[in-house]
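Here the structure is laid out as structure tokens; the discussion comes afterwards.
Just so it is clear, none of the values below were taken in a lab; they were calculated from the coordinates. A quick note: this is a predicted structure, and the numbers were derived from the prediction, not measured. With ideal geometry, Cβ positions are generated from the backbone for all residues, glycine too; neighbour counts draw on all protein chains shown.
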Amino acid sequence: MNQDLLSFPPGKVAVFNGHGQPFSISTHDVPFIKTGEVLVKTLYTTLCGSDIHTYCGRRQEPPNVVLGHEVVGEIAWIDPQHSGKDINGAAIQPGDRITWSIFSVPPGIVPPHPDMPQKSEQLFKYGHALAKEDDVFNGGLADYCVLRANTAIIKISNDVPLKVAATINCAHATVMGALRIAGKIENRKVLVLGAGMLGLACLAMCKEAGASWIGLVDRDNGRLQWGEKFGASKSYHLDEKTEENELPWPEADIVFDMSGSPRAMEMGMDSLALGGAAIWIGAVFPDAPVKVDAQKVVRKLLQIRGLHNYNYDDLVKATEFIERSHSKYPFAELVEKEYNIEAVEDAFAFASEQKPVRVGVRVNAGL
């Protein structure tokens, strides 16, 4: 091991042991850093919806995993064989605040499509891999994270609050990808289904992109109260009465589903204007099939597009958006409660029971 690495103290990891099982907190030495890798000191991690689904058993991950992929950290050490630059070509060095792509594509692997690196073969995903032997620092709920070679790193301004910066590399990058595949937003009517972090970020991005009207739909009145603050023209509470009668909102050119609810996606299809597009983002765990009226799709010239994760350009643009707009919209307030890493069990329990927009875990940033 490089002598410089010996100066770093051992770090804690919070290991998920499977649905219904308690987390275990353990301490491990900093491992040998391989060619092209970067050692990061984790500062802050937010619990993404997919983390909560895993914790609750709705989404299957193997036990013995260090969860957490919405994360921001500080560079601790860079292997000499690393380029020493981030994805924008900016020089990086120890002490820089960064985030990174949720995935890493091994060097030499060609993506199946140029704009879909997140679907490459031999993909590694942070916060989704087994913690074993000397490979335990691979998720956000740990003192360190070892970034594999060819991971997209991006520097973040220190002006961005940690709790906001942490959400860039999942929620905001994914939403930026959703806007990319939706096409033109300016002067178009947009409907957003789901008022979680994805939906609220979508409101703000569509507002900044010049949408002429933006509607927000959710079952939770508590979450709907955020709508106006993030750019919604009008918010709609969804209940059984709404579902059984004529939809109360106007037709939209673009409907973003951030909920993952089959019924919501069906209602979204019914809400599309001629030539409209449905963008599906939220369906990331098994559920009932979505019923689609094929004749309506054909006669109204509709489109359905899905997106899972994001590409490198989406990450860059999401970072730029947050650096530009984090003080314009109350993103920091969406992290409704914070914990330290030793209380990760309480953090997940609160997130699953109270359903806040986000829960934050301070790792090396104090509490």
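List of remarks:
- Take every Cα pair under 8 Å whose residues are at least 6 apart in sequence, average their separation, divide by the length of region 172-306, and the relative contact order is 22 percent.
- Total charge dipole magnitude, the chain, about the Cα centre, Cβ charges on Lys, Arg, Asp, Glu only, Debye to nearest 20: 740
- FRET efficiency for the residue 26 to residue 184 pair, using the beta carbon distance and R₀ = 45 Å, is estimated at 0.35.
- Nearest-0.05 FRET efficiency for residue 91 and residue 219, computed from C-beta distance (R0 56 Å): 0.75
- Positive-end residue, the chain charge dipole about Cα centroid, Cβ charges, pick of 352, 149, 318: 318
- Lys/Arg +1, Asp/Glu -1 at C-beta; the chain dipole; positive extreme among 94, 31, 216: 216
- Sites residue 354 and residue 58, calculated FRET efficiency, Cβ-Cβ separation with R0 22 Å, nearest 0.05: 0.85
- Each peptide in 160-169, 178-187 receives the mean, over its residues, of other Cβ atoms within 10 Å, and ordering these scores from highest gives 160-169, 178-187.
- Rounded to the nearest 20, the size of the Cβ-charge dipole of region 11-162 about its Cα centre is 220 debye, with Lys and Arg at +1 and Asp and Glu at -1.
- The dipole here belongs to region 172-306: it is taken about the Cα centre, uses +1 on the Cβ of Lys and Arg and -1 on the Cβ of Asp and Glu, and is about 460 debye.
- For region 172-306, the Cα gyration tensor yields ellipsoid semi-axes of 19, 17, 15 Å (square root of five times each eigenvalue, largest first, whole Å).
- Highest-first packing order for the peptide set 321-330, 76-85, 209-218 is 209-218, 321-330, 76-85, based on the mean count of other beta carbon atoms within 10 Å.
- Pairs of Lys residues in region 172-306 are counted when their Cα atoms are under 28 angstrom apart and they lie 8 or more places apart or on different chains; the count is 24.
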